[in-house]
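The values are calculated or read from the model by the stated rules, or taken from the named source; none is laboratory data. Predicted, not measured: the structure shown is a model, and the values here were computed from it. All Cβ positions, glycine included, derive from the backbone under ideal geometry; neighbour counts span all protein chains shown. SASA here: full protein model, heavy atoms, side chains in, ligands and nucleic acids out. Shrake-Rupley method; radii C 1.70, N 1.55, O 1.52, S 1.80 Å.
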Amino acid sequence: AMWWKRGRRNYHLYYSLWQRGAFRFASRLVLAARYDFVHHLTFGTIRQSSPMGRLGLPFILGPLGGGESIPRSLRASFPRKRRFTEFVRETMNRLAGLNPSVRSMYRQATLILCRTEETRSFVPAGCRAKAHLQTEIGADPHLLAAGTGAMHDPANFLYAGALIYWKGVHLALQALAQLRQRRPQAMLTVIGGGEDEQWLRDLAASLGVTGAVRWLGKIPQSQIWEQYARHSAFVFPSMHDSGGTVVLEALSQALPVICLDTGGPGAILPPSCGFKIAVENRAQAQVVADLADAMQLYIDNPQLREQAAQRALEAARGRLWGHTVSAAYSLVEQTLRFTAQV
């Protein structure tokens, strides 16, 4: 039935039905053998309930995401349809907090792992003491860059990800337009595809930066790694990303990152490895101006970029998959020991 859940239309219904089947299967396993705890990993969103807490075992939930929200000041430039989409998403988040099965899931959980502080704030107040911050991503040790390599063109910036409104590519395009008034050599490479691609291409044309943007579309992962090595910095202005895998990928390739200080990217990016642009209580014009200023700093200060590149690689070495898994299950072990003592 894998074909049935392709696309967005049947995705959540498929998952709800899958959850029921998984619970029945897990119930049979628990009757047949001894288990120490049950860990629910997927979907990993605050809106979906899990019945696994009813198995009678210590119940580990997460890492969860989805509680991130786009500041209202950044929504004005969205197409009307996308503003409505964001309204629906936030309404669903609020309704999920009233859903008895979701609230029951949180009460049954022994430990709740959350990817960001924004998601942790969605956990009911009475259960929040059980909620801890824990990333869900790690760097692949086999794909780490050997070093920072030769100096790249300092005016060559990269974005990789879906071309959908909340990824903030329109903010990067607006920042590029401002930057090119001062540094006309600045270029932006865009990797990815999505339902808002035409809107973004039209925006680039209206801003007069069509010739400064390379649209590579969807390319194989191996080619994306090659593109990391050809650019001076990674621009990723996503507005409610829970994770930020591409940010960690960029760091692992010694690429400084310019992102918004929100969601997963804001949580995982060390300040020494790039720039985190503040968004809280700030107008879109201010955010765009700060993005442009950060990009200009890397153009004008190659030494600053090189230092950030070295620190990016060091940060990625400290965030390998082994470190992520060890940190998560250290929390699990501590919680289970405490629960056993109580």
At 4 °C and 1.567 mPa s, what whole-number value in µm²/s does Stokes-Einstein give for the translational diffusion of segment 162-255, with Rh from the Kirkwood sum over Cα pairs? 94 µm²/s
Given the C-alpha atoms of segment 123-215, compute the convex hull and give its volume per residue in Å³. 185 Å³
Counting each DSSP H run of 4 or more residues in the chain as -39500 (n - 2.57), what helix-only mean residue ellipticity at 222 nm follows after dividing by all residues, to the nearest 500 deg cm²/dmol? -14000 deg cm²/dmol
Place +1 on the Cβ of every Lys and Arg and -1 on the Cβ of every Asp and Glu in the chain, take the dipole about the Cα centre, and give the residue among Gln198, Pro100, His12 whose Cα lies farthest towards its positive end. Pro100
Carbon/sulfur fraction of accessible area - segment 92-182, other protein chains in place, 1.4 Å, %: 55 percent
For segment 197-342: accessible area per residue (Å², 1.4 Å): 44 Å²
Kirkwood Rh, segment 259-314, all Cα pairs: how many Å? 11.9 Å
Given Val287, Gln307, Ala229, which one lies farthest toward the positive end of the charge dipole of segment 206-342, if we put +1 on the Cβ of every Lys and Arg and -1 on the Cβ of every Asp and Glu? Ala229
Cα-centre dipole for the chain with unit charges at Cβ (Lys and Arg positive, Asp and Glu negative), debye to 20: 1360 debye
Beyond 27 Å between alpha-carbons counts as too far, so tell me which of Lys130/Lys276; Lys130/Lys167; Lys167/Lys276 fall in that bin. Lys130/Lys276; Lys130/Lys167
For the chain, what Kirkwood radius comes out of the mean inverse Cα-Cα distance, in Å? 21.5 Å
Total formal charge among the other residues, if their Cβ is under 12 angstrom from that of Trp225, Lys/Arg +1 and Asp/Glu -1: -2
For Met295, net neighbour charge (Lys/Arg +1, Asp/Glu -1) across residues whose Cβ lies under 11 Å away: +1
Rounded to a whole number, what is D in µm²/s for segment 177-228 from Stokes-Einstein with the Kirkwood radius over alpha-carbon pairs (37 °C, 0.692 mPa s)? 271 µm²/s
Cα-only Debye scattering, segment 28-164: base-10 log of I(q)/I(0) at q = 0.10, 0.19 Å⁻¹: -0.51, -1.10
